[in-house]
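Trainee: Here's a structure for you.
The values are calculated or read from the model by the stated rules, or taken from the named source; none is laboratory data. Treat the numbers as computed from the prediction; the structure is a model and nothing was measured. Neighbour counts are summed over all protein chains in view; Cβ atoms, including those assigned to glycine, are modelled from backbone coordinates with ideal geometry.
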Amino acid sequence: MASRPKRLPRVITVRRADYLSPNMIRVTFAGPELEGFPPGHEGANCKLILPREGESREEFETYFAPDGPEEKVHAVRTYTIRSFRPESLELDIDFVAHGDNGPATRWAQRATEGAFLGLLGPGPAKLTDFYADWYLIAADLSALPVAEATLEALPADAHGAAVFEVPSKEDIRSITVPKGVEVTWLVQEDVHKPSTAQVDLIRGLDWPSGTVQTCIAGESSVIRALRDYLHNERNVPKKDTYISGYWKIGLIEDQHQQMKRAEAAAVQA
Ligand SMILES: Cc1cc2nc3c(=O)[nH]c(=O)nc-3n(C[C@H](O)[C@H](O)[C@H](O)COP(=O)(O)OP(=O)(O)OC[C@H]3O[C@@H](n4cnc5c(N)ncnc54)[C@H](O)[C@@H]3O)c2cc1C
């Protein structure tokens, strides 16, 4: 039996949940539980602890009381801080609505005012130091929050390319980007079929001279191919690349994280 986490989460409350597009839900949390949440962490990870089906807030909260039960009974999933407004204590997290087969997605698809979950984090913001001549941003829907946060933080005179892969043309949204960043949207309806669309497009880009920084995340096999291209064919130094697998076809998050840890250990061995 796993022991309870060392850090205790905030239990936060939904103010509203809206579909941004057919496959993306923005959940806005608000309330005094967000007092002291650090501003300026857009794009950072957080961990969401999901209540069990039918669980009351009172019962859920007993797990995080100093003398609460030791066992870990709740699913935990990783998400991105999309935005936080300290003046109104409002926090947005964008969820891909990918069906009913995952506890986080199931929770988000049903979330209404007053729903709750546990939040741990945020971790550190992903990209804070912008020094490149050219930026490459690539994301599927799961990574659109980190991509959007990064694009909003880029210097106004930044140049680069942003490539987004979404499951329907209705998921294409207006996104704030610096004038020098060219945006391409790709539509791949079946997200459970391995896709090479982003890799093919990025391979076809005129590769610039000078320093390149990246913010790339999404399905694991796409990330593997892009990492190989950037590091082995384009020799982009690892320190200049944020590139991360956010989910993997056929694996739940715990299995995906386990796979990533095993791969990292194999590289270090
Ligand atoms: C650092 C980081 C930040 C992330 N930020 C976000 C975010 O802001 N928004 C967001 O939506 N996701 C984000 N993700 C991805 C999210 O953690 C995973 O998609 C997670 O698996 C969702 O949990 P679940 O309970 O819905 O599904 P799980 O129980 O983990 O998986 C159930 C099934 O759904 C499939 N699945 C999982 N994710 C997707 C998907 N995106 N599309 C289609 N099928 C999927 C799995 O392969 C599995 O078959 C992030 C991941 C990481 C590592």
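Trainee: Residues 42, 35: which one is closer than 21 Å to residue 122 by Cβ, crowded, with 19+ Cβ neighbours inside 10 Å and among the charged types (D, E, K, R)?
Mentor: Details: 35 fails: crowded, with 19+ Cβ neighbours inside 10 Å.
Result: 42 is the single residue among 42, 35 that is closer than 21 Å to residue 122 by Cβ, crowded, with 19+ Cβ neighbours inside 10 Å and among the charged types (D, E, K, R).
Trainee: Going by the structure shown, is residue 151 within 16 Å of the ligand (Cβ to nearest atom), farther than 18 Å from residue 247 by Cβ, touching a strand residue (DSSP E or B) at 6+ places or on another chain (Cβ under 9 Å) and assigned to a loop (DSSP other than H, G, I, E, B)? Even if it seems obvious, please write down each step before you answer.
Mentor: Working: within 16 Å of the ligand (Cβ to nearest atom): yes; farther than 18 Å from residue 247 by Cβ: yes; touching a strand residue (DSSP E or B) at 6+ places or on another chain (Cβ under 9 Å): yes; assigned to a loop (DSSP other than H, G, I, E, B): no.
When the stated conditions are applied, residue 151 does not pass them.
Trainee: Residues 99, 40: which one is under 19 Å from the mean Cα position of the chain (by Cα) and modelled with pLDDT under 95?
Mentor: On the way: 40 fails: modelled with pLDDT under 95.
Unique residue meeting the criteria: 99.
Trainee: Based on this model, can you work out whether residue 131 counts as aromatic (Phe, Trp, Tyr), touching a residue at least 60 places away in the same chain (Cβ under 8 Å) and buried (at least 19 other Cβ atoms within 10 Å of the Cβ)? It would help to see each step written out before you state the result.
Mentor: Values: aromatic (Phe, Trp, Tyr): yes; touching a residue at least 60 places away in the same chain (Cβ under 8 Å): yes; buried (at least 19 other Cβ atoms within 10 Å of the Cβ): no.
No; evaluated as a whole, the condition is false for this residue.
Trainee: Also, I was wondering about something else. Would you call residue 165 assigned to a strand (DSSP E or B), over 24 Å from residue 252 (Cβ atoms) and assigned by TED's automatic domain parsing to the domain that holds residue 251?
Mentor: Working: assigned to a strand (DSSP E or B): yes; over 24 Å from residue 252 (Cβ atoms): no; assigned by TED's automatic domain parsing to the domain that holds residue 251: yes.
Considered against the rule, which asks whether it is assigned to a strand (DSSP E or B), over 24 Å from residue 252 (Cβ atoms) and assigned by TED's automatic domain parsing to the domain that holds residue 251, residue 165 comes out as no.
Trainee: Which ones in region 8-43 are free of Cβ contacts under 8 Å to residues at least 24 places away in the same chain and under 11 Å from residue 94 (Cβ atoms)?
Mentor: In the first step, residues of region 8-43 are kept if they are free of Cβ contacts under 8 Å to residues at least 24 places away in the same chain; the result is 18, 33, 36.
Hit for region 8-43 is 18, nothing else.
Trainee: Give the residue that is nearest to residue 191 (Cα to Cα), with candidates limited to residues of region 91-116 that are within 6 Å of the ligand (Cβ to nearest atom) and out of contact with any Pro (no Cβ under 8 Å at 6 or more places or on another chain).
Mentor: 98
Trainee: Hey, could you check region 130-148 for residues that are more than 16 Å from the ligand (Cβ to nearest atom) and not aromatic (Phe, Trp, Tyr) and say which is farthest from residue 245 (Cα to Cα)? Don't jump to the end; show me each part of the working.
Mentor: If we filter region 130-148 for residues that are more than 16 Å from the ligand (Cβ to nearest atom), which is where we start, we get 130-136.
From the residues that got through so far, the ones that are not aromatic (Phe, Trp, Tyr) too are 132-133, 136.
On the way: 132: 23, 133: 25, 136: 16 Å.
Taking the candidates together, the pick is 133.
Trainee: Given the residues 183, 146, which is the only one that is out of contact with any Leu (no Cβ under 8 Å at 6 or more places or on another chain) and under 23 Å from residue 39 (Cβ atoms)? Quick ask: steps written out before the conclusion?
Mentor: Numbers: 183 fails: under 23 Å from residue 39 (Cβ atoms).
On inspection, the qualifying residue turns out to be 146.
Trainee: In the set 62, 150, which member is surrounded by fewer than 20 Cβ atoms within 10 Å (Cβ to Cβ) and of a type in the set (Ser, Thr, Tyr)? Please lay out each step first, then the result.
Mentor: On the way: 150 fails: surrounded by fewer than 20 Cβ atoms within 10 Å (Cβ to Cβ).
Of the residues listed, the single one that is surrounded by fewer than 20 Cβ atoms within 10 Å (Cβ to Cβ) and of a type in the set (Ser, Thr, Tyr) is 62.
Trainee: Do we find a residue being outside any helix (DSSP H, G or I), more than 30 Å from residue 63 (Cα to Cα), at pLDDT below 95 and away from the ligand (no atom under 15 Å from the Cβ) anywhere in region 117-128?
Mentor: So far as region 117-128 goes, yes, one or more of its residues are outside any helix (DSSP H, G or I), more than 30 Å from residue 63 (Cα to Cα), at pLDDT below 95 and away from the ligand (no atom under 15 Å from the Cβ).
Trainee: Can you name every residue in region 138-158 that is out of contact with any Lys or Arg (no Cβ under 9 Å at 6 or more places or on another chain) and either among the hydroxyl-bearing types (Ser, Thr, Tyr) or assigned by TED's automatic domain parsing to the domain that holds residue 26 (or both)?
Mentor: 142
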